[in-house]
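Engineer: Pasting in a structure now, in structure tokens, and then I'll have a few things to ask.
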């Protein structure tokens with residue numbers, strides 16, 4: 001079963017740092033959100049292989065919105 005990495009706060013997806021098939025480790029930066037003129041890194045909360053990118057760069061997300069799935 002796949003896990004998701006979620007947005008830690010509301011903002012705009014500034015950049016996706018990984019692509020489907022990439023291997024990620026705990027603490028890797030997988031995306032960057034922009035909120036209130038600040039860039040907030042979204043870090044992996046586990047290790048695995050990226051299965052799906054669930055948002056596009058430029059998308060507005062709320063706290064808890066899934067950014068990507070991995071397993």
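Engineer: Given the criteria touching a residue at least 60 places away in the same chain (Cβ under 8 Å) and surrounded by 17 or more Cβ atoms within 10 Å (Cβ to Cβ), does residue 68 qualify?
Structural biologist: yes
Engineer: For the stretch 1-54: of the residues being part of a loop (DSSP other than H, G, I, E, B), in contact (Cβ under 8 Å) with a residue 60 or more places away in the chain and touching a strand residue (DSSP E or B) at 6+ places or on another chain (Cβ under 6 Å), which is surrounded by the fewest Cβ atoms within 10 Å (Cβ to Cβ)?
Structural biologist: The selected residue is 2.
Just so you know, all these numbers are worked out from the coordinates, no wet-lab data involved. Small disclaimer: the values here were computed from a predicted structure and weren't measured. Ideal geometry is used to build each Cβ from the backbone, glycine not excepted, and the neighbour counts take in all protein chains shown.
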